[in-house]
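Report on the following structure.
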Amino acid sequence: MQITASAERRIAAPARRVYAYIADFRQHHPSFLPPQFSDLEIESGGVGAGTVHRFRMTLGGRTTQHRVRVGEPQPGHVLIESDPARRMLTTFTVDPEPYGGCPVRIETRWYAYGVRGLLERLSAPGMLRRVYRDELELLDRYAAGLAALMPVPRHAARHGGSAGVLSRCR
């Protein structure tokens with residue numbers, strides 16, 4: 001049976017920048033992973049399509065090892081992590097909005113059968129949804145923190161800075 005878990009949050013940063021953070025498994029992505037993820041190790045690549053990485057995930061006291069390959073079916077908009085051994089696919093979708101913000105959705109679909117499948121269907125989606133909500137909150141904070149370190153462009157300073165645009169996006 002197919003099981004799905006997802007969460008969505010509006011991030012107060014430009015979509016292209018947020019997508020770049022998600023796609024960069026060497027420098028950025030580890031910075032906003034919640035504690036349920038551990039032992040992230042890059043096997044090849046590191047940024048975007050073709051990256052292969054491993055990690056552990058702990059849910060409900062149970063830790064599982066994952067090995068995923070990253071793809072970009074719609075570069076700049078949709079990034080996927082596929083784990084064929086678990087018949088699992090996680091999709092990150094970033095949609096641009098006016099004024100620089102963007103909703104980001106994380107969704108995982110996988111298959112489980114028998115009694116295990118029934119138990120996973122009852123418990124895993126809620127636990128994973130909470131993990132993804134935490135990840136999106138951390139991503140929002142991470143993007144805001146990096147934006148605070150960036151200098152305000154001269155044209156923005158002449159027109160009231162970027163605070164007006166950001167306040168409309170929150």
**Request:** Please work out which one of (1) within 17 Å of residue 138 (Cβ to Cβ); (2) part of a strand (DSSP E or B) is the condition residue 66 fails and give its number.
**Result:** (1)
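On the basis of being in contact with a strand residue (DSSP E or B) (Cβ under 7 Å, 6 or more places away or on another chain), open to solvent by less than 30 Å² (accessible area, probe 1.4 Å) and aromatic (Phe, Trp, Tyr), does residue 55 make the cut? Reasoning before the result, please.
Working: in contact with a strand residue (DSSP E or B) (Cβ under 7 Å, 6 or more places away or on another chain): yes; open to solvent by less than 30 Å² (accessible area, probe 1.4 Å): yes; aromatic (Phe, Trp, Tyr): yes.
When the stated conditions are applied, residue 55 passes them.
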**Message:** Test of understanding: among 32, 37, which residue is aromatic (Phe, Trp, Tyr), over 22 Å from residue 103 (Cα atoms) and surrounded by 14 or more Cβ atoms within 10 Å (Cβ to Cβ)?
**Reply:** 37
**Message:** Against the conditions (1) in contact (Cβ under 8 Å) with a residue 40 or more places away in the chain; (2) open to solvent by less than 40 Å² (accessible area, probe 1.4 Å); (3) assigned to a strand (DSSP E or B), where does residue 105 fall short? Just the number, please.
**Reply:** (2)
**Fill in**
Reported set for the stretch 1-29 where residues are over 23 Å from residue 63 (Cα atoms) and open to solvent by 60 Å² or more (accessible area, probe 1.4 Å) is 8, 9, 10, 16, 27
**Message:** Need pairs with beta-carbon distance below 6 Å; first residue assigned to a strand (DSSP E or B) and within the stretch 73-92, second among the basic types (Lys, Arg); sequence gap 6+ or separate chains.
**Reply:** 82/69; 89/109
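The values are calculated or read from the model by the stated rules, or taken from the named source; none is laboratory data. Since this is a predicted model, take the numbers as computed values, not measurements. A quick note on method: Cβ atoms are made from the backbone with ideal geometry, for glycine too, and the neighbour counts reach across all protein chains shown. Note: areas computed on protein heavy atoms with side chains; ligands, DNA, RNA excluded. Shrake-Rupley method; radii C 1.70, N 1.55, O 1.52, S 1.80 Å.
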